[in-house]
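Okay, structure first, notes after.
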Amino acid sequence: MSVASQDTAVSTGRITRMLIYLILLLFALFYLLPLYVMGVNSVKPLSEITGGNMMALPQEWTLDPWRSAWSTAQIGVQATGLKPYFLTSILMVVPAVVISTMIGAINGYILTKWRFKGDTIIFGLMLFSCFIPFQIVLIPMARVLGILGLAGSVPGLILVHVVYGLGFSTLYFRNYYAAFPTELVRAAQIDGAGFFRIFWRIMLPVSGPITVVCVIWQFTNIWNDFLFGASFGGTTQPMTVALNNLVQSSTGVKEYNVHFAAAILAAIPTLIVYIVAGRYFVRGLMAGSVKG
Amino acid sequence: MGFLDIRNVTKSYGAVEVLHRVDIAVDEGEFLVLVGPSGCGKSTLLNMIAGLESISGGEIAIKDRVVNGVHPSKRNIAMVFQSYALYPNMTVGQNITFGLEMHGTPRPERDRALAEVAKLLQIDHLLDRKPGQLSGGQRQRVAMGRALVRDPDVFLFDEPLSNLDAKLRVDMRTEIKKLHHKLKRTIVYVTHDQIEAMTLSTRIAVMNKGYVQQLGTPKEIYDSPANLFVATFMGSPAMNIIPAKLVVENGRALAEITDAGGKPLRLGFGAGNYSAWEGREILLGIRPEAITDPEGADRNSHNVQPLHNMVTVTEPAGADTFVTMVLSGKDVIARMRADAAVHPHQPFDFAVNMEKAVAFDPKTGDRIQA
């Protein structure tokens, strides 16, 4: 954070400080290198890449690889580009994130403010679901989707991701609400507010920071998921599966510039979520922590 | 039948009973204080009246209506919490009227009630602020406003002053008392602070370990404590408890104790028949203010007795001077006028107001009724 430079706990000398910045700069460059390679090569004609100049800036700038990746690249059997898959991913991610966050918030609310016998066991079991590897549930999940008639459809994918995300979103909200004073809920009860009214009017308005954390986490995980998409997507496959099909296709010339552009396209939504929501996240965390 | 009836109420968590057959009838307009150390069950009892905790046995009735299974919002009570429990996302005005809104009171009526309460509590200028922008005392007022605006049958206060600093606490205490005088409403107030209990209440229920130890007016509780617990819990400094032997001489009961040097001393009780206790060990209870210098002794008392003893320590506290001495091997504190001529490590002639002395059974801790 930029704020920290002014009042770090330990004050350091100028030379030490320069050394620290130098090292940090080197690390930053190192981490940014892959992004640079991707960016630079996605705006070059293929001939420049195959010519061996992967690190160099393009001699001839072109946006054709981006256009191709978006709308004309050969993915699977059809030359549709990533566009329809991108749409599938959005249609899958947005409801899945919203639903799992909402249910997680209500779960957390119940588990902390409407305690019942065995609630810790239930929470323990939900927590346990965070640690179950994806592979284990593949076959049972396929069976369940089959029974529900949701196999190979976007609603099916949403269901899978909601179920899988609930453990985490419940954990987040439960721990956040555990620190929320129960007296407020009692006061609202005496004031005559019911279960959902208390949730809407009292709990949700102060849940900003944890909602952002939860949304970032769920969005990134669901958007980046490959296994469930590949297994249960059927004909409606998400972005990640399409990207894989594009890059791994073994026929014809490997259009590296298109691949780079497609990979960036696949990463952009998560980047946006991080950049936009991340700021609110930090702001939210800082707001209540220091009295003043 | 009272206005608020607590009849044989018990509370258990599983097999553990934390509140044992509490029986209190509160009249309309009374200010009942539940006082006791932490864990005595006073807050549990309050929460049961509020409906926030279930009632394991017995019944609670408000205005002759048994409310055991009634939802908190339908009992027509209002509660002020220790942490104030103000909704952080709402303004002061919204906080105060939230209850009315939930009960479907129309807007103009809500605004009228809000204006009235805000004026009464002098918080008119704060109505648009959020709780986070208020000081402790202001938050306290808002919390009371939220209770007042509902115009409930019974007000419940759960240690409302314990989060304030010492000075503000005294101010708010007076404020609450004024409010009670003005509105004449029924209040049940929980505190662990015996001074709050004494100053505010019309009646006190002293609780310990889930039992009501004594229920009475502040004066009854202070002057005639039912047992050792009540005697030592109420009053600051606490009542002096001195091991003594009861002797009867010429039909008069005397408590035999020893002075700092181990020499026996006798202090005679006033009226009362202690003959059953003749020759037995008792515990003599004397309040610090009942031990003074001879000039400072209570002139209306018929039984002030001299006591010559060595002074251990003197502690001038401004208004009073606290004098410590040893009686029967125990430290005993006397509360004197600030200008009493008393010096440490010197003998002094004390005056003991034995009219205010009480005696306890050392085995049961109960007061010996004479």
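Structure data summary
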| item | result |
| --- | --- |
| Chain A: C-alpha gyration tensor shape, a/c 1.5 cut-off, then a/b vs b/c | oblate |
| Radius of gyration and maximum dimension Dmax of region B:4-233, Cα, Å | 17.6, 55 |
| Within region B:4-233, percent of DSSP bridges classed antiparallel, to nearest 5 | 50 percent |
| B:Glu109-A:Ile136 FRET efficiency (beta carbon distance; Förster radius 41 Å; 0.05 resolution) | 0.10 |
| Sequence-distant residues sharing a close amide H with B:Phe157 (under 5 Å, placed H) | B:Val80, B:Val188, B:Tyr189, B:Val190 |
| Helix B:166-183 axis, angle to chain B major axis (alpha carbon atoms, nearest 10°) | 70 degrees |
| Label point distance in nm, B:Lys363-B:Glu281, each placed 7 Å from Cα along Cα→Cβ | 1.2 nm |
| Separation of the A:Arg115 and A:Thr62 label points, Cα + 7 Å toward Cβ, nm | 6.7 nm |
| Computed over the protein assembly as shown, Kirkwood Rh from alpha-carbon pairs, angstrom | 31.8 Å |
| From phi via Karplus (6.51, -1.76, 1.60), per-residue ³J(HN,Hα) for region A:142-152 in Hz, x at Gly/Pro | 4, 5, 4, 4, x, 4, 6, x, 10, 4, x |
| Accessible area of chain A divided out per residue, in Å², using a probe of 1.4 angstrom | 57 Å² |
| Whole-Å distance, taken between Cα centres, linking region B:31-82 and region A:122-150 | 45 Å |
| Distant-in-sequence amide H partners of B:Leu265 (H built 1.01 Å from N, under 5 Å) | B:Ile257, B:Thr258, B:Asp259 |
| Whole-Hz ³J(HN,Hα) from phi, Karplus 6.51 cos²θ - 1.76 cosθ + 1.60, for region B:289-294, glycine and proline x | 6, 8, 10, 9, 7, x |
| R0 of 56 Å, Cβ-Cβ distance A:Leu19-B:Glu116: FRET efficiency to nearest 0.05 | 0.25 |
| Cα gyration tensor shape of region B:151-305, rounded if a/c is under 1.5, else prolate or oblate by comparing a/b with b/c | prolate |
| Shape of region A:142-292, Cα gyration tensor, a/c cut at 1.5 | oblate |
| Point-charge dipole on Cβ atoms (K/R +1, D/E -1) for region A:135-237, about Cα centre, debye to 20 | 140 debye |
| Karplus-derived HN-Hα couplings along region B:47-60 (A = 6.51, B = -1.76, C = 1.60, θ = phi - 60°), whole Hz, x at Gly and Pro | 5, 6, 5, 6, x, 8, 10, 6, 9, 7, x, x, 8, 10 |
| Cα-based helix-to-principal-axis angle, A:83-113 vs chain A, degrees rounded to 10 | 20 degrees |
| Amide H contacts under 5 Å for B:Val311, placed H, 5+ residues apart | B:His345, B:Gln346, B:Phe348 |
| Unsatisfied cross-links (Cα-Cα over 23 Å) in the set B:Lys42/B:Lys356; B:Lys42/B:Lys119; A:Lys117/B:Lys11; A:Lys113/B:Lys74; B:Lys11/B:Lys209 | B:Lys42/B:Lys356; B:Lys42/B:Lys119 |
| Relative contact order of chain B, defined on C-alpha pairs under 8 angstrom at six or more residues apart (%) | 15 percent |
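The values are calculated or read from the model by the stated rules, or taken from the named source; none is laboratory data. Given the structure is predicted, the values throughout are model-derived calculations rather than measurements. For neighbour counting, all protein chains shown are included, and Cβ atoms are generated from backbone atoms with ideal geometry for every residue, glycine included. These accessible areas exclude ligands, DNA and RNA; they are computed on the full protein's heavy atoms, side chains included. Shrake-Rupley method; radii C 1.70, N 1.55, O 1.52, S 1.80 Å.
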